Amino acid sequence: TEDMLRQSQKMEAVGQLTGGIAHDFNNLLTVIVANVERARRLVDGDERVEKSLSNAMTGAERAATLTDRLLAFSRRQPLQPAVYDLNIIVTESRDLLEQSLGTGIKLSLMLAPHPMLIETDRNQTENALLNLAINARDAMPVGGQLTISTDETQNKILLSVKDTGEGMSAEVIEHVFEPFFTTKAVGHGTGLGLSQVYGFAKQSGGDVTVDSTVGGGTTVSIIFAIAKSLEGL
Ligand code: ADP
């Protein structure tokens, strides 16, 4: 529809803009980091100077994480695709996901009974899964149920992350993929989680969908193309 076209054109424009800024900013960060490192080698001894340089480095590392996420959104982050069974990626992420959820949230996996072959960047896939799980956790402050499922439909492979949390209004849904859009308190959200997932899905030739109602929980699904070859498996 016309609305969807307008939305995708908007995301395209936002992607171009943020990608350009993030790319240049990343180059500047390289200069900053190299010089802080050099200064660190030169100080020898003065604790106050060392402390300042160490703080500068921590700041630069956080800025680098931020630009990475922006580059992922604008699809300027190189992917290293290979063929993987999505079921295996999910299963092997289970421990990490459980740790990130903390107590009070029950995690269930509902995996399709045969291999779900996708051609993708494994790190980015795990990262997307973690982003979605953390959002689900934040939406279930008093606990709940998180279900991660894989399924095959119409020549696509679907990875769904479903929570029983507070859900989203239509207004929030409209903006969730935009970088820096967050409803979380300052210091709790960057508004880059879903942007990163969006960029990754698009760059992988797929898509992301959000199905949510206020009070009714949320399902976020990443759609992948089915891998054609077994190359890399
Ligand atoms: P952040 O988590 O840093 O706010 P995201 O891009 O990951 O950034 O999410 C943007 C916003 O989308 C969140 O602030 C929240 O309002 C909403 N959101 C994302 N996932 C969920 C979810 N599972 N349940 C409810 N709201 C969500």
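Throughout, read-outs are computed from the coordinates displayed, never taken from laboratory work. What you see is a predicted model, and the numbers here were worked out from it, not measured in a lab. Don't worry about glycine lacking a Cβ; one is built from the backbone with ideal geometry, like all the others, and counts go over all protein chains shown.
Spacing of the modelled spin labels on residue 169 and residue 145, each 7 Å from Cα toward Cβ, amounts to 2.8 nm. Computed from the alpha carbon atoms alone, the convex hull of the stretch 9-71 holds 56 Å³ per residue. For the stretch 169-212, the C-alpha radius of gyration divided by 2.2 N^0.38 Å, with N the number of residues, is 1.19. Shape call for the stretch 57-103 from the C-alpha gyration tensor, a ≥ b ≥ c root eigenvalues: rounded (a/c under 1.5), prolate (a/b greater than b/c) or oblate? Oblate, because a/c is 1.5 or more while a/b does not exceed b/c. Have a look at the DSSP beta bridges in the stretch 20-153 and tell me what percent are antiparallel, nearest 5. Antiparallel: roughly 45 percent of the beta bridges in the stretch 20-153. Between the stretch 91-110 and the stretch 22-89, how far is it from one alpha carbon centroid to the other, in angstrom? Rounded to whole Å, the Cα centres lie 28 Å apart. Using just the C-alpha positions of the stretch 1-136 as equal point scatterers, what log10 of I(q)/I(0) does the Debye formula give at each q in 0.11, 0.12, 0.16 1/Å? So the normalised log intensities are -0.67, -0.76, -1.04. The C-alpha radius of gyration of the chain, expressed as a fraction of 2.2 N^0.38 Å, stands at 1.13. Based on the reciprocal of the average 1/r between different C-alpha atoms, the Kirkwood radius for the stretch 107-156 equals 12.6 Å. Which of rounded, prolate or oblate describes the stretch 66-154 when judged by the alpha-carbon gyration tensor and an a/c cut-off of 1.5? In terms of gyration-tensor shape, oblate. Distance from the C-alpha centroid of the stretch 140-189 to that of the stretch 205-229: 9 Å, rounded to the whole angstrom.
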